[in-house]
Amino acid sequence: MLILPLAAPGETPEVSLDERLAPLFSRWDQPGSPGAAVAVARGEQMLHAGGFGLASLEFRLPISARTPFNAGSIAKQFTATAILMLAAEGELSLDDRIRKYVPELPRIADRITLSQLLHHTSGLRDIWALTDLAGWMPADVRTQRQALRLLSRQRALNFEPGRSFGYSNSGYLLLAEVVARTSRQDFPAWTEEHLFAPLGMAETYFYEDHTGVLPNVASSYRSLGREKGFAREVLNSGLVGGGNLVTTVTDLARWARYLLAAEIGGKPLLARLTEQPTLAGGLQTGYGMGLFVESYRGLPVVHHGGASAGFRSHLLVFVDEPLSIVILGNVNSVRANPLARRVADAVLAERFTGSRFAAPPEPIEPELPPHAYTGLYAIGPELLLDVREANGQLYFLFGGTTPREMRPSGPHTFNTSEEGVRLTFTADDDGTVNEVQLQVPGRTLRGQRLAPITLTAAQARAYEGKYFSDELETYYTIVRADDGLTARRLRGEDIGLKPIDADRFIEAVGGDLTVRFLRKRSGRIKGFEISVERARGIQFKKQ
């Protein structure tokens, strides 16, 4: 394994980007505001490293380039690298089945390989989705042991292993367990000894103990809105592999240099981490092993972001420049992915002026009034796309995402802030919109518009009752509400449900949760299946 000589952590940037970057972060560079740290590096040269806002509102500690943050899912590329290192040493094979190492998993995992876990093609339900559905509160303690017990109770997958892509933190949690059981050393200790220490990443580590004292780490916050300030957003998680990586922007810039030049097992590390599986139909997933693979304004990039409690992060690497941009934030209003791309626009301004780079389209008016496009669109048996309007601006939600702006770009066509994501609607001659085509990197999804449904009192009463899920070990009580149903839980917020077709309901306020009630031959309700994007078809039986 190649270890690169790197400049000292305290090196002075040779090129200052302060004037170009400051406006991008001015929102958080205010008294009494949390914020973000930013690093920009080209090859061996650190172009910029600094911070905006406060690491601790309580103690008024400013963010600097040396401030550690929880980097969330940026952790996955390190877990993938650990697996590749053990494979190169002959300790395991990517074709091994996961139950070889974690036999307590249910038999549905018999066909799942380590490679499928790395590529998010295993079909495993996501552990964070499962705990949320089970009623665990955001600040509840989550440990590796608890997570393994919950995964061992699952009786179905989201899809047949290898046939689709479904982002799942469960896979990387299990990969960390594979590293620990293969090496007979706990995962944080192994990565410290074999990865972070040799690379000189002195301020980077995984942690499993949520009660541990983490020196100098930024606190986590959520924004309460303008003029309302901020609140603490507690993270009591000990789940490693998919997250719980503490690091700094300077350490991640150091990692990016290594990523671009290192070899593992005689092959370039980046080439291994960017290998993509081909799914049924010949499509690639756009995801390697812990890294998304795409292009930005014509240049090849690899990247990954993270979100844990109020922490937000993104690592964006332009492979051919070579340029790396790192953003670590401690408040949920930091949209690290688009911010990283705006930083790239500032740094690569001269590169983006050539004819090969498309100029931003001129604003145009939509073909129909905004309200004509609003509504729910069914994409497949479970997923729903929700189009909404606010003050004349259209937004869409999909897969539990936050609302994203839609910008008109052609007849019934809208671009979004994410490159490669576009919505195209189909309208009848009278202007009635009834279909949508959602284009995302690597695939196109189609959906039909759903007509609103109103329940009668008698219809609503048929669904009422107490339901239990053995997979989640929890009860939901379904009661009638004014505009549909409400699912009440012992722990966790009540879930409002509105009808969308026969026996199927969607979460009334945001989210992607759907409930499909199941009936006996007699027509009486016997239970329901609950689904979110990352955990589908979880069974509840009526008591």
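The values are calculated or read from the model by the stated rules, or taken from the named source; none is laboratory data. In this text the structure is predicted, and so the values were computed from the model without any measurement. Don't worry about glycine lacking a Cβ; one is built from the backbone with ideal geometry, like all the others, and counts go over all protein chains shown.
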Neighbours by Cβ (under 7 Å, 6+ apart or cross-chain): first from segment 77-96, not assigned by TED's automatic domain parsing to the domain that holds Leu270; second of a type in the set (Lys, Arg) and crowded, with 19+ Cβ neighbours inside 10 Å: none
One residue from Gly465, Gly537 being more than 25 Å from the chain's Cα centre (by Cα), surrounded by fewer than 20 Cβ atoms within 10 Å (Cβ to Cβ) and within 28 Å of Pro138 (Cα to Cα): Gly465
Total residues in segment 302-342, condition under 12 Å from the mean Cα position of the chain (by Cα), among the polar types (S, T, N, Q) and farther than 19 Å from Ala65 by Cβ: 2
Filter result (crowded, with 18+ Cβ neighbours inside 10 Å and among the hydrophobic types (A, V, I, L, M, F, W, C)) within segment 264-291: Ile264, Leu269, Leu270, Leu273, Met289, Leu291
Subset of segment 1-40 that is among the acidic types (Asp, Glu) and surrounded by 11 or more Cβ atoms within 10 Å (Cβ to Cβ) - its residue that is modelled with the highest pLDDT: Asp29
Hits in segment 165-186 (condition: out of contact with any Gly (no Cβ under 7 Å at 6 or more places or on another chain) and either at pLDDT below 95 or among the basic types (Lys, Arg) (or both)): Phe165, Tyr167, Arg181, Arg184
Subset of segment 499-508 (residues that are assigned to a strand (DSSP E or B) and touching a residue at least 24 places away in the same chain (Cβ under 8 Å)): Pro499, Ile500, Asp501, Ile506
Sole exception among (1) farther than 26 Å from Arg342 by Cα; (2) surrounded by fewer than 20 Cβ atoms within 10 Å (Cβ to Cβ) for Ile112, by number: (2)
Pair list, Cβ under 7 Å, 6 or more apart: segment 28-41 residue hydroxyl-bearing (Ser, Thr, Tyr), other residue buried (at least 18 other Cβ atoms within 10 Å of the Cβ) and at pLDDT 95 or above: Ser33/Gly53; Ser33/Leu54
Segment 509-534: number of residues that are outside any loop (DSSP other than H, G, I, E, B) and buried (at least 20 other Cβ atoms within 10 Å of the Cβ): 7
Exclusive hit being surrounded by 19 or more Cβ atoms within 10 Å (Cβ to Cβ) and closer than 16 Å to Leu385 by Cα, set Ile495, Ile506: Ile506
Residues satisfying the stated conditions in segment 298-319, i.e. farther than 16 Å from Arg335 by Cβ, of a type outside the set (Phe, Trp, Tyr) and in a strand (DSSP E or B): Leu299, Pro300, Val301, Val302, Val317
Those residues of segment 408-422 which are modelled with pLDDT under 90 and charged (D, E, K, R), in sequence order: Glu418, Glu419
Unique match (being touching a strand residue (DSSP E or B) at 6+ places or on another chain (Cβ under 7 Å), among the charged types (D, E, K, R) and touching a residue at least 40 places away in the same chain (Cβ under 8 Å)) among Arg125, Arg153: Arg125
Among (1) surrounded by fewer than 18 Cβ atoms within 10 Å (Cβ to Cβ); (2) modelled with pLDDT of 90 or more - the single one Phe425 does not satisfy: (1)
